[in-house]
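The values are calculated or read from the model by the stated rules, or taken from the named source; none is laboratory data. Remember, predicted model here, so these are calculated numbers, not experimental data. Cβ atoms come from the backbone with ideal geometry, glycine included; neighbour counts cover every protein chain shown.
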Amino acid sequence: MQNKIENNRLNIPYFIIDRLKNIVSFNLSTAGNIKLSLREPPQIGQAFVDIIPHEQVSYITNVIEKCLSGRTVIADSDIANKIIQTHFKFQFLFIPLPINITSYYAVCLIIPNAYQPDSQFSNYDYSRLASHGLRGPVSNILSLANYDNYPQLKSYEALKIKSLLKNIYAQAEKLNDVIVSLNYLINNDKAAFAEDTNIEKFMVSNLVLVDDDPLVNKMHKMLLKKYHANIAVVDFNNPQKALEHIAVHHTELIFLDINMPEIDGWEFLSRLKKHSLNAKVIIVSSSIDPAEKNKAYSHDCVKDFISKPLTREKLNKLFLENA
């Protein structure tokens, strides 16, 4: 299978299946030389099992039900490779995606066996999938569901909302733990991802947020306003505009995402150095890949590497009390 990483985003074939076992989304445009033995081309709203060969329907139905109950399931490789016609060996990885307290979507990823010697789909690709493709939205859910990030409310309705958010947060934490464990295995147990957040304590008056996701910028700005109100914060979801701002203003500290289109975090760091922009940088990323952490620290301006989501505890480890 051809390894495609376009715009710094890993593209792999997938299906998203709702609780009625219907297809709500799919992507087969990146399947390369994979040929699926499907009874008919998939369509949105169609029952997923309707496209599976009859002899595999019972087994796949059982796997989907387990996933919809909140379990991560790797389908039997023999059955998976009866559905997929290729000389490579592939797996169906079913991951639950929480949509509320009790309900999930089942995300079916069609991925090659990482340990086959002739596979062009490397452990690097799996690591990117775990760190960016999966952890990105999960870290956003964790941030949104963290009730402590919001102004304190005491009404009865607020208490109900708090209970709901705690339940969502607990479910997202479970999924996050699966992703972290997957990434740990991908890296062959060589290094667990440990955050330092104690290299340097900062006292700054201004800070620039650079993340292509406006929701992330909004949450981070809200957190900073709540816990470190004396810091002036400017956010950008366009890295080029951020660079133009930094070149004109005296920017002391930058919170920088890695996985962005057009200008990613690595290119952003290169341009900072090229134009002698001397702001200090903290990488704030969904990545839990030790290789990316080591790469970040190879840049002199990078002072810390923090895994999303930001929390009060992480901010308090970064900044002096009177910041």
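Within the range 231-246, the presence of at least one residue that is hydrophobic (A, V, I, L, M, F, W, C) and over 13 Å from L207 (Cβ atoms) is confirmed. Among all positions in the range 235-247, there is no residue which is modelled with pLDDT under 85 and among the small types (G, A, S).
Among the listed residues I95, I51, I23, I60, which satisfies the condition of being over 12 Å from L109 (Cβ atoms), at pLDDT 85 or above and within 25 Å of the chain's Cα centre (by Cα)?
On the way: I95 fails: over 12 Å from L109 (Cβ atoms); I51 fails: within 25 Å of the chain's Cα centre (by Cα); I60 fails: within 25 Å of the chain's Cα centre (by Cα).
Selected residue: I23, the only one of I95, I51, I23, I60 that is over 12 Å from L109 (Cβ atoms), at pLDDT 85 or above and within 25 Å of the chain's Cα centre (by Cα).
Can you pull out every residue in the range 243-263 that is free of Cβ contacts under 8 Å to residues at least 12 places away in the same chain and either within 11 Å of L209 (Cβ to Cβ) or acidic (D, E) (or both)? Break it down into steps so the answer makes sense when it comes.
Within the range 243-263, the subset free of Cβ contacts under 8 Å to residues at least 12 places away in the same chain is 244, 248.
Hit for the range 243-263 is E244, nothing else.
Here is the figure for the range 42-63: residues that are in contact with an Asp or Glu (Cβ under 9 Å, 6 or more places away or on another chain), within 18 Å of I74 (Cα to Cα) and of a type in the set (A, V, I, L, M) total 2. Of S286, S307, S298, all but one fail to be closer than 22 Å to Q240 by Cα and either assigned by TED's automatic domain parsing to the domain that holds D211 or crowded, with 18+ Cβ neighbours inside 10 Å (or both); the exception is S286.
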